[in-house]
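To start, the structure under review is shown below, and the notes come after it.
The values are calculated or read from the model by the stated rules, or taken from the named source; none is laboratory data. In this text, all values refer to a predicted model and were calculated from it rather than measured experimentally. Neighbour counts run over all protein chains shown; Cβ positions are idealised from the backbone, glycine included. Note: areas computed on protein heavy atoms with side chains; ligands, DNA, RNA excluded. Shrake-Rupley method; radii C 1.70, N 1.55, O 1.52, S 1.80 Å.
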Amino acid sequence: MIKKIFLYTLLTLIVIVVGSFGICYYSLQQFSKQQINVTPNNQMFVLKKGTSIHQLITQLKEEKLLDRAFLLPYLYKLDPSLSSIKAGTYQLHPHMTVEEFLRLLVSGKESNFSIQFVEGKRAKDWLKVIQNTPYIQQTLTEKTDEEIAKLLGIEGSIEGWLTPDTYLYTADTLDINILKRAHMTMKSNLQKIWDNRDSDLPYQSPYEMLIIASIIEKETGLSSERANVASVFVNRLKAKMKLQTDPTIIYGLGDNYTGVIRRIDLTDTENPYNTYVIDGLPPTPIAMPSLASLEAAAHPAKTNYLFFVANGTGGHTFSDNYGNHQQAVNEYRRLIK
């Protein structure tokens, strides 16, 4: 009789224990399939290095991402593979489950962000873009152009030395590392294009070609015109004529440019970028040139053009003598009136 009672008691305890384990297992399975509370305000989840399970639970509570976060340690015991989380910044999506969330942290697949550098913009414009772009670690804010150039291994100004493009990065990427990628791309592209340039160009170095490419970039936005614009500057350099290009004056004026080039600006000998006064090229590029402008500088059209002026319809009229150029100027003035 005593043995029967003992057996019944033992069986009852076993059923209770097994049932309890079953209920716990079922509850944890349901918990793992529970959706986290993703909203537009918490779609980016930042997990710092060295975060413990208890710190993760606290963070999930504070960010209101997960109800019953206290169950995480038990879920880890059920599936230890979910516990090897990695620090990083992760993009969350609506309807993501607890298990999907944890597997994302385990994968270490951080969210990629992008920053776009536009051709024709100046170095100082790009630096402002970097400073106003989220998830970039700022180290250059107080540095001068010369100091940044030194960090990039550039002698002189960084102007022109960065390739316009869209660059992907992960959170906390250093600003200087993004610039290094842009610089290495430009350095490589410039050398390749220089090595394959036309043989009769009046450039003494790849840097001079870079300067011309930057001027082409500022003079026209039409791909069909770049080679013709390049030919004008090449022909002028060969003829020992001054370049006489307005964008260089504007660059030299900097913040003093008011939107109009005055007569005094055309004769200003203090502006080293005044190509109406100086011979040859300005001292540095005046913008970040595109690959297309580099190619145009290396392979200008074969023309006799020495002048060009806006035609009032988005393009330019090219001339090989001053008389025809003056007629084109007068026509443009009639159109804008």
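Observations
- Kirkwood Rh, Cα atoms: Rg over Rh of the stretch 101-251: 1.06
- Here is the tail figure for the stretch 233-337: Cα pairs spaced more than 22 Å apart come to 39 percent of all pairs.
- Split the accessible area of the chain by element, probe 1.4 Å, and carbon with sulfur accounts for 54%.
- Note on the stretch 277-337: with charges restricted to the Cβ of Lys and Arg (+1) and Asp and Glu (-1), its dipole about the Cα centre is near 280 debye.
- Percent of beta bridges antiparallel (DSSP, the chain, rounded to nearest 5): 90 percent
- Residue among Lys192, Lys77, Lys240 with the largest mean-square fluctuation in a Gaussian network model of the chain, springs linking Cα atoms under 10 Å: Lys77
- With kT/(6 pi eta Rh) evaluated at 4 °C and eta = 1.567 mPa s, and Rh the Kirkwood radius from Cα pairs, the stretch 65-155 diffuses with a coefficient of 76 µm²/s according to Stokes-Einstein.
- Summarising the amide proton neighbourhood of Thr173: residues at separation of 5 or more, or on other chains, whose placed amide H is nearer than 5 Å comprise Gln137.
- GNM flexibility winner over the chain from Ala298, Ala123, Ala239 (Cα, springs under 10 Å): Ala239
- Take the Cα of His54, step 7 Å toward its Cβ, do the same at Ser205, and the gap between the two points is 6.2 nm.
- Calculated over the stretch 184-287: convex hull of Cα atoms, volume per residue (Å³): 117 Å³
- Calculated [θ] (222 nm, deg cm²/dmol) that DSSP helices of n ≥ 4 give over the chain, each run adding -39,500 (n - 2.57): -14500 deg cm²/dmol
- In whole percents, the pair-distance distribution calculated for the stretch 170-209 from its alpha-carbon pairs, binned every 5 Å from zero, is 5, 20, 23, 14, 12, 9, 8, 5, 3, 1.
- Candidate lysines for bridging to Lys124, where Cα separation is under 30 Å - those fewer than 8 sequence places away on the same chain excluded: Lys143, Lys150, Lys180, Lys187, Lys192, Lys218, Lys242
- In the stretch 76-119, the convex hull through the Cα atoms has an average projected area of 4.1 nm², a quarter of its surface area.
- Accessible area per residue in Å² at 1.4 Å probe, computed on the stretch 162-210: 49 Å²
- The equivalent ellipsoid that matches the C-alpha gyration tensor of the chain spans semi-axes of 68, 19, 18 angstrom, in descending order.
- Taken as entire DSSP H runs, the helices of the chain that both span 24 Å or more between Cα atoms along their own long axis and average 0.5 or more on the Kyte-Doolittle scale are 2-32.
- Residues in the stretch 246-334 average 54 Å² of solvent-accessible surface per residue, probe 1.4 Å, ligands and nucleic acids excluded.
- Positive minus negative residues near Asn37 (Lys, Arg vs Asp, Glu; Cβ under 12 Å): +1
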